[in-house]
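Student: Got a structure for you, written out below as structure tokens; questions coming shortly.
The values are calculated or read from the model by the stated rules, or taken from the named source; none is laboratory data. Source: prediction; values computed, not measured. No Cβ is skipped: glycine too gets one built from the backbone with ideal geometry, and neighbour counts run over all protein chains shown. These area figures cover heavy atoms from the full protein model, side chains too; ligands, DNA and RNA do not enter into them. Shrake-Rupley method; radii C 1.70, N 1.55, O 1.52, S 1.80 Å.
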Protein chains: 2
Amino acid sequence: MAPFDPAAPAVPGANAPVLLDLTIDNITPNTIRINSQSANARLTYLMSRLVTHLHDFARETRLSTDEWMAAITFLIGCGQISNEVRNEFILLSDVLGLSLLVDNINHPKPPKGTEGSVLGPFHTHDAPVLPNGSTMTSDPAGEPMLAICTVTDTHGAPIEGVRIDIWETDSSGHYDVQHADREEPSERCVMVSDAQGRFWFQGLKPVSYPIPHDGPVGKLLQQLSRHCWRPAHVHFMFNKDGWDRLITALYLRGDPYETSDAVFGVKQSLVIDLDKVDKESAEKYRVKEGIWLLKHDFVLTTQEDTEKLRDKLATEALAKLGLRMKLVDHLPVPDLD
Amino acid sequence: MAPFDPAAPAVPGANAPVLLDLTIDNITPNTIRINSQSANARLTYLMSRLVTHLHDFARETRLSTDEWMAAITFLIGCGQISNEVRNEFILLSDVLGLSLLVDNINHPKPPKGTEGSVLGPFHTHDAPVLPNGSTMTSDPAGEPMLAICTVTDTHGAPIEGVRIDIWETDSSGHYDVQHADREEPSERCVMVSDAQGRFWFQGLKPVSYPIPHDGPVGKLLQQLSRHCWRPAHVHFMFNKDGWDRLITALYLRGDPYETSDAVFGVKQSLVIDLDKVDKESAEKYRVKEGIWLLKHDFVLTTQEDTEKLRDKLATEALAKLGLRMKLVDHLPVPDLD
């Protein structure tokens, strides 16, 4: 074991509570006080709300020792099934609606901006940067699809040099990382928008698929009588300095899971119809005539505009909750002045 | 991956919500509705409160994507450092005051009953059953201590045949399981009370020690400017059919961490003074004169009395919270009648 760090005070400071005879009623304020000794006001606030909610949950439910232990075992299981290419806690956050909520809080969109959707646990950092027109799949069984997209600002002006991460499953409904024998990335790539804001590539018509259900999260969904399917979609993530990172996805209209996505990601503005590639486009983009065609125009917002909108919405929401807060580095802390 | 279980409905039931365009404001009721399809009313209630608190936490703090990801990474870390003999999530529950709270909720004590304390993450199931008078330590460096105890009911009548798990650290402040080269249990045993409700054994005068601080929980405490010490104590767990399981510990008066236990376990009724073994006792118990002496009388309550008291306190507390609940199998669920 690492040596104990003597920098931490051996005895709490003058403001620290006397921790004796803690009860159902006094454990919460005492835990909050002992957690309030750091100089980091944001951390203090986060811990204070976390402990309050955690304790209130136990009090309102009269949480049993068996239920507490089941929760501990569940959390251990989530950690232990996770690895470099699987993150069960992101999946848990997804199925509890937290991921969608956090994305909505952090990436508010003005009316014209493309809406966000959940990142999910399958984005990787090893996708190859491919030139426009490339094929990003090696799956011969899937239905080929040409995607022709643009990325513009809210005034319609093209944005050049945006890095776009694109990823989807293969025709069996599995991401490359779900195959134990994965040797290199497949059904994923990074493209860069050209001077006209365009990017185009060949992928697969996406299919609906179950999220990983052989772990604790899958068992939870089963206990809740919830299915674990996601409607067919392709993920997109847009990155360029000065622009608010956009994490989103496009969903196919008519999918059986269109209105029951296990991770709450579908927004009507992101539901699209596919077309077929005509003769002219087939020649222009050097693909086979008659394959599926996805066309979409994405709209980014600037980092500055997003920050302003986020601050405005945060201030309004906190006031509505009756909380007296101020924003420090764009994040709320109690306003004690 | 395991085959998808077709027993789960592919499309939600008639009462299931349409999951589209979820926002900061409507994600919570929709998540609760999709989680409310099982026949298990208790599970439905637990999930409903869990989701409400989780989402309220994100809304009140305007949780940032970076903070969300830090939490995910923290939880993964807790799972991955855990193993058969280390449970970082129990430790997390301990330092957040949740373990103490859950114990208080589940094991209320009438005035005469011995109070409970935190189980902690170091109880094991491989401790040997030793006859009265045995030595449960193999550490030559510690200060020997004779413990002479009784276990009675609230009227003072001895209880025979109670199995008592006893565990403490060695003189270096480590439990046996914290030593990588552990081959067999040490500083732990199971005793059984005799016809007079007595049990006695030789252990070590306990020492204060830091809880494991080389993992995520230790780092959290450091960020919170909290120390990670526990005052010197010996753990006891009492099991006998018909009696409420008692998990407790005895703490040494005057320990520097007596009022700042990192896991909130100390209760004044559990703080004791040690004595020294006199000549008569030394002969009677066949130990060296002058070693430390711990004497304590533990009082168990019946399962029935505890259940009644727990139900009564639960009903009162829920009414005070303004919740309209009923108890089913002693656990609250919403009373919808």
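Student: Are any residues in the range B:170-189 touching a Lys or Arg at 6+ places or on another chain (Cβ under 9 Å) and either buried (at least 22 other Cβ atoms within 10 Å of the Cβ) or more than 21 Å from B:LEU294 (Cα to Cα) (or both), and if so, which ones?
Tutor: Across the range B:170-189, the qualifying residues are B:TYR175, B:ASP176, B:VAL177, B:GLN178.
Student: Go over the candidates B:LEU246, B:LEU313, B:LEU294, B:LEU300 one by one and state the one that is surrounded by fewer than 19 Cβ atoms within 10 Å (Cβ to Cβ) and of a type in the set (A, V, I, L, M).
Tutor: Details: B:LEU246 fails: surrounded by fewer than 19 Cβ atoms within 10 Å (Cβ to Cβ); B:LEU294 fails: surrounded by fewer than 19 Cβ atoms within 10 Å (Cβ to Cβ); B:LEU300 fails: surrounded by fewer than 19 Cβ atoms within 10 Å (Cβ to Cβ).
Checking each option against the conditions leaves just B:LEU313.
Student: Under 6 Å between Cβ atoms, at least 6 apart or on separate chains: pull out the pairs that start in the range A:28-53 with a residue that is more than 19 Å from A:LEU331 (Cβ to Cβ) and end on any residue that is open to solvent by 30 Å² or more (accessible area, probe 1.4 Å) and small (Gly, Ala, Ser).
Tutor: Close Cβ pairs (under 6 Å, with a partner that is open to solvent by 30 Å² or more (accessible area, probe 1.4 Å) and small (Gly, Ala, Ser)) amount to A:GLN37/A:GLY13; A:GLN37/B:SER225.
Table: residues versus (1) modelled with pLDDT of 95 or more; (2) aliphatic (A, V, I, L, M); (3) under 22 Å from the mean Cα position of the chain (by Cα); (4) over 23 Å from B:TYR209 (Cβ atoms).
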site	(1), (2), (3), (4)
B:LEU100	yes, yes, yes, no
B:PRO110	no, no, yes, yes
B:PRO121	no, no, yes, no
B:ALA127	yes, yes, yes, no
B:ASN132	yes, no, no, yes
B:THR135	yes, no, no, no
B:HIS155	yes, no, no, yes
B:ILE159	yes, yes, no, yes
B:VAL162	yes, yes, yes, yes
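Student: Same structure again: Looking at the range B:265-282 only, could you name the residues that are out of contact with any helix residue (DSSP H, G or I) (no Cβ under 8 Å at 6 or more places or on another chain) and open to solvent by less than 60 Å² (accessible area, probe 1.4 Å)?
Tutor: Passing the criteria: B:VAL266, B:LYS267, B:LEU270, B:VAL271, B:ILE272, B:LEU274, B:SER281, B:ALA282.
Student: Which of the residues spanning the range B:187-223 are touching a helix residue (DSSP H, G or I) at 6+ places or on another chain (Cβ under 7 Å) and modelled with pLDDT of 95 or more?
Tutor: Matches in the range B:187-223: B:GLU187, B:ARG188, B:TRP200, B:GLY215, B:PRO216, B:VAL217, B:LEU221, B:GLN223.
Student: Does the range B:122-134 contain at least one residue that is assigned by TED's automatic domain parsing to the domain that holds B:ALA282 and not in a loop (DSSP other than H, G, I, E, B)?
Tutor: The answer is yes, given that some residue of the range B:122-134 is assigned by TED's automatic domain parsing to the domain that holds B:ALA282 and not in a loop (DSSP other than H, G, I, E, B).
Student: Sticking with this one: Please find, within the range B:24-38, the residue that is farthest from A:HIS53 (Cα to Cα) out of those that are of a type in the set (A, V, I, L, M, F, W, C) and within 8 Å of another protein chain (Cβ to nearest Cβ).
Tutor: Among those that are of a type in the set (A, V, I, L, M, F, W, C) and within 8 Å of another protein chain (Cβ to nearest Cβ), it is B:ILE34.
Student: Can you report the number of residues in the range A:91-105 which are assigned to a helix (DSSP H, G or I) and open to solvent by 10 Å² or more (accessible area, probe 1.4 Å)?
Tutor: Qualifying residue count, the range A:91-105: 5.
Student: Please work out if B:TYR209 is touching a residue at least 24 places away in the same chain (Cβ under 8 Å), touching a Lys or Arg at 6+ places or on another chain (Cβ under 7 Å) and within 13 Å of chain A (Cβ to nearest Cβ).
Tutor: Here the answer is yes, as B:TYR209 does meet what is asked.
Student: Pull out all pairs, ordered by first then second residue, where Cβ-Cβ is under 7 Å, the residues are six or more apart or on different chains, the first lies in the range A:253-264 and is open to solvent by 60 Å² or more (accessible area, probe 1.4 Å), and the second is hydrophobic (A, V, I, L, M, F, W, C) and assigned to a loop (DSSP other than H, G, I, E, B).
Tutor: Going by the 7 Å Cβ cut-off, the qualifying pairs are A:PRO256/B:ALA10; A:PRO256/B:VAL11.
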